[in-house]
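Just so it is clear, none of the values below were taken in a lab; they were calculated from the coordinates. Not measured: the values here are computed from a predicted model. All Cβ positions, even for glycine, are placed from backbone atoms using ideal geometry, and neighbour counts span all protein chains on display.
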Amino acid sequence: MNSEDNPIRIGILANEVSGDQLAAALITALQNRHPQIQFEGMTGPLMEAAGCRSLAKMDPVMGLTEILKHLPHLLKTRRRLADHFERERPDLVIGVDAPDFMLALERRLKTEGVTTAHFVCPSVWAWRQDRAKKFSQTVDLMLCIFDFEVDFLRGYQVNAAYVGHPLADQIPLQAPDAAAVRASLGLNPQRPVVALLPGSRMSEVGRLADDFLKTAGWCHQQRPGLQFVSPMVNERVKQAFLARMQALVPDLKITLLDGQSREAIGAADLVLTASGTATLETLLLKRPMVVGYRLSPLSHWLIRTFNLLKIPHVAIANLLADQPLAPEFLQDACRPEMLGPALLDLLDDTEKRGEIAAHYQEIHQRLRCNAADKAAEAVLALIRKT
């Protein structure tokens, strides 16, 4: 272990909102053990607030076709980061999520003798399983947030450690009181609420906003007493969503929040959400959900044509529950006449909503492992070995 005169230096990189959250939690846990650790990397606001020096800002994109438009900038950023860490060699470089961006960078650095780790196993068990063959040449340690991932990776001779999910530790086991959260947001505590979560990336919002907003309009026509709330990840997404609101449902009141996804979910009786980390967050807050999602036509064609998807459900919440507690409406099925009735059916079935909340409570307890602390210990053990 490095001395105080020669403190531990860690490069840590995230390129999406959920990665910023995971990285910030890990940074804090490491600092609690060794306050002298120095961090630098590709950052979001939470990482910077936790004390990580920024070498590059997050620039999240997704989808097979969407990445092509941003590819030159992404490649330039990745080369610049790789050059930096080869010159100024840290004790460890940790890529957080965003595997399409991170794994190539980690592979280059490991080839040059830099110790590497990756936080959050890519969903190779779901699709493109052949990627796992290269992980042993890419990272010295894979930090897994789901227990089934460790056995899968060991089949490919990958050093892996199960740490649990930091969100499960951060979110209390007790479900939030919806009426109290509504009051704090200026909503009527006595009237039901639907939360709309159309995604954290512009590409997602661009594909889902119209269907989600039309669904809200349809539900409001059926149940005029419904209230709607939607968290916006940043001002750019907010303005894009607001423009579609004004075009499609100009008379419908939707409370837009700056961030505050947990408050939006906590205020809700049920949630209409994009697939992704938001489904896990909704599960942990014990709220029933309906999942709607669209890939670009080309991305969807490639996945379908080459049979790339290896799982029965796309929502993390359904995979963890091992049953489709959250109805999924994908591609052409993601439309108001499908989403709206599914939402109102759940709203009317209080018994089913209670059963779903009980299932989600059990899953939450299983995922609470002090993940950031476990990840910090695994990272420090790796540094001690090198």
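Give the relative contact order (percent, whole number) for the chain; include only Cα pairs under 8 Å separated by 6+ residues. Before the final figure, lay out the partial values.
Values: 679 pairs, mean separation 61.7, N = 386.
Worked out over the chain, it gives 16 percent.
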When we measure straight from the Cα of Lys253, which lysines land under 19 angstrom away, once same-chain ones fewer than 8 places off are left out?
Lys214, Lys238
Using the alpha carbon gyration tensor of the chain, what are the three equivalent-ellipsoid semi-axes (square root of 5 times each eigenvalue), largest first, in whole Å?
37, 22, 20
Rounded to the nearest 20 debye, what is the charge dipole size of region 203-323 about its Cα centre when +1 sits on each Lys and Arg Cβ and -1 on each Asp and Glu Cβ?
200
Can you put Ser123, Ser184 in order, fewest other beta carbons within 10 Å first?
Ser184, Ser123
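Which ordering of Ile12, Ile145 is given by a fewest-first count of other beta-carbon atoms within 10 Å? It would help to have the intermediate numbers written out before the result.
Numbers: Ile12 28, Ile145 23.
Arranged by neighbour count, lowest to highest, Ile12, Ile145 become Ile145, Ile12.
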In Å, the Kirkwood hydrodynamic radius from C-alpha pairs for region 227-386 sits at 17.9
Once the dipole of the chain is set up from charges on Cβ (+1 Lys and Arg, -1 Asp and Glu), the residue from the list Leu344, Leu109, Val193 lying farthest towards its positive end is Leu109
With N set to the residue count of region 235-284, report its C-alpha Rg divided by 2.2 N^0.38 Å to two decimal places.
1.25
Listing Glu355, Glu48, Glu106 by rising number of other beta-carbon atoms within 10 angstrom, fewest first, gives Glu355, Glu48, Glu106
Give the residue from Gly44, Cys219, Leu325 lying farthest towards the positive end of the charge dipole for the chain; charges sit on Cβ (+1 for Lys and Arg, -1 for Asp and Glu) and the dipole is referred to the Cα centre.
Gly44
Over region 89-237, how many percent of alpha carbon pairs lie in each 5 Å bin up to the one with the longest distance?
2, 8, 13, 13, 12, 12, 11, 10, 8, 6, 3, 1, 0
Rounded to the nearest 20 Debye, what is the dipole magnitude of the chain about its Cα centre when Lys and Arg each give +1 and Asp and Glu each give -1 at the C-beta?
820
Extreme residue, positive dipole direction of the chain, given options Leu256, Ala183, Phe152 (C-beta unit charges)
Phe152
Tell me the mean residue ellipticity at 222 nm calculated for the chain from its helices only (DSSP H runs of n ≥ 4, each -39500 (n - 2.57), averaged over every residue, nearest 500).
-15000 deg cm²/dmol
Sticking with the crude label model, points 7 Å out along Cα→Cβ, report the distance from Asn370 to Gln137 in nm, one decimal please.
3.8
For region 1-51, with only Lys/Arg (+1) and Asp/Glu (-1) charged at the beta-carbon, what is the dipole magnitude about the Cα centre, in debye rounded to 20?
120
So, relative contact order of region 118-170 in percent, Cα under 8 Å, 6 or more apart, is 35
Just order 155-167, 198-210 by mean Cβ neighbour count inside 10 Å, highest at the front, would you?
198-210, 155-167
What does region 188-267 give for Rg and for Dmax, in Å, if only its C-alpha atoms count?
11.8, 35
